[in-house]
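Before any comments, here is the structure.
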Amino acid sequence: MTNEPTASERDQLHPLALKLASGMERDYGSQVQVVRDDSQRWFAIEETSSTAAFAEAKGHELRVVPFLGDASLVRSRPYLVGLDEAWTEGVPELVADLRRVTTDEETAELRGHLDAAFRFWSERDEEASNAPRAGAVSNAAPAASAGGLEVELRHAGAISFSHANSRFPVISALALRDREFSGSSNVRLKVSLTCLGRQMAEPWEMVVPKVGAEPVVFQGNQVQLVLNPLAFAEIDERLAGEFTVDVETDGGA
């Protein structure tokens with residue numbers, strides 16, 4: 001006889017993950033939504049106004065994005081797995097092993113990270129609804145070109161199942177400009193996301209009637225690249241994906 005847990009038991013959500021999720025539901029009510037799978041092996045916590053998934057738990061692992069705490073302090077915690085590159089620009093993602101949380105203080109600390117991430121998305125959504133649209137894109141490398149046309153794309157650095165499930169925009173901005181200032185008509189754009197040759201999203205397509213010297217800018221909520229949650233659910237590790245922008249004009253690609 002052995003007391004070793006089965007593979008199925010190891011995949012079950014850690015009790016602390018369930019406790020933290022229940023606490024967020026209790027304290028924030030309709031401001032959060034916990035999306036669960038039927039097998040109790042995974043959940044994501046969304047901030048409802050932005051539909052952003054700011055936490056994800058699978059088995060004994062908890063991810064919180066963005067991490068807004070003291071990095072030097074949290075690096076000394078036994079539960080820390082890493083501060084990974086996040087799909088949210090400029091901030092890392094906290095990855096914690098809940099099996100290593102042994103004190104009430106550590107539990108409270110993780111809850112504090114969840115609270116901070118919730119407030120980030122709640123306040124960001126409120127600011128975005130009141131802010132004017134930007135007219136330019138900065139710090140973006142050219143993604144595609146056709147003739148005198150140039151496209152710049154800003155996108156999330158890392159995308160997971162929770163982001164696909166929450167329908168959060170992964171394109172920050174897309175800008176199209178005519179470098180030769182000749183004026184281009186009926187410019188057709190197509191944005192795709194692939195991983196290992198598989199389509200990870202339904203491509204976004206748009207026809208721009210006229211492009212001149214002034215850039216045409218699409219903000220993230222205008223680029224409706226619909227991610228496929230099932231495709232992301234089949235990925236067990238972080239893999240390299242590729243955004244592709246196809247550009248065609250009446251004169252060709």
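The values are calculated or read from the model by the stated rules, or taken from the named source; none is laboratory data. A quick note: this is a predicted structure, and the numbers were derived from the prediction, not measured. Methodologically, a virtual Cβ is constructed for each residue, glycine included, from the backbone with ideal geometry; neighbour enumeration extends over all protein chains shown.
Is it the case that segment 78-85 has a residue that's under 17 Å from Arg99 (Cβ atoms), surrounded by 12 or more Cβ atoms within 10 Å (Cβ to Cβ), in contact with a Gly (Cβ under 9 Å, 6 or more places away or on another chain) and at pLDDT 90 or above? Within segment 78-85, not a single residue is under 17 Å from Arg99 (Cβ atoms), surrounded by 12 or more Cβ atoms within 10 Å (Cβ to Cβ), in contact with a Gly (Cβ under 9 Å, 6 or more places away or on another chain) and at pLDDT 90 or above. For Val216, the stated conditions do not hold, so it cannot be described as surrounded by 15 or more Cβ atoms within 10 Å (Cβ to Cβ), under 30 Å from Asp37 (Cα atoms), at pLDDT 70 or above and among the hydrophobic types (A, V, I, L, M, F, W, C).
In segment 200-228, what residues are part of a strand (DSSP E or B) and farther than 14 Å from Ile171 by Cα?
Keep residues of segment 200-228 that are part of a strand (DSSP E or B), which gives 201-202, 204-211, 216-219, 226-227.
Across segment 200-228, the qualifying residues are Met206, Val207, Val208, Pro209, Lys210, Val211, Val216.
Scoring Glu61 on the criteria (1) over 20 Å from Arg99 (Cβ atoms); (2) at pLDDT 90 or above; (3) among the acidic types (Asp, Glu) leaves a single failure, condition (1). Of all the residues in segment 19-30, those that are over 17 Å from His113 (Cβ atoms) and in contact (Cβ under 8 Å) with a residue 12 or more places away in the chain number 1.
Which of the residues spanning segment 166-204 are crowded, with 17+ Cβ neighbours inside 10 Å, modelled with pLDDT under 75 and touching a Leu at 6+ places or on another chain (Cβ under 8 Å)? Answer for segment 166-204, where residues must be crowded, with 17+ Cβ neighbours inside 10 Å, modelled with pLDDT under 75 and touching a Leu at 6+ places or on another chain (Cβ under 8 Å): Pro169, Val170, Ser184.
How many residues are on the phi < 0 side of the Ramachandran plot and at pLDDT below 55 when one looks only at segment 104-145?
Going through segment 104-145, the residues on the phi < 0 side of the Ramachandran plot turn out to be 104-138, 140-145.
This time we only want the ones that are at pLDDT below 55, so: 127-138, 140-145.
The number of residues fulfilling the criteria is 18.
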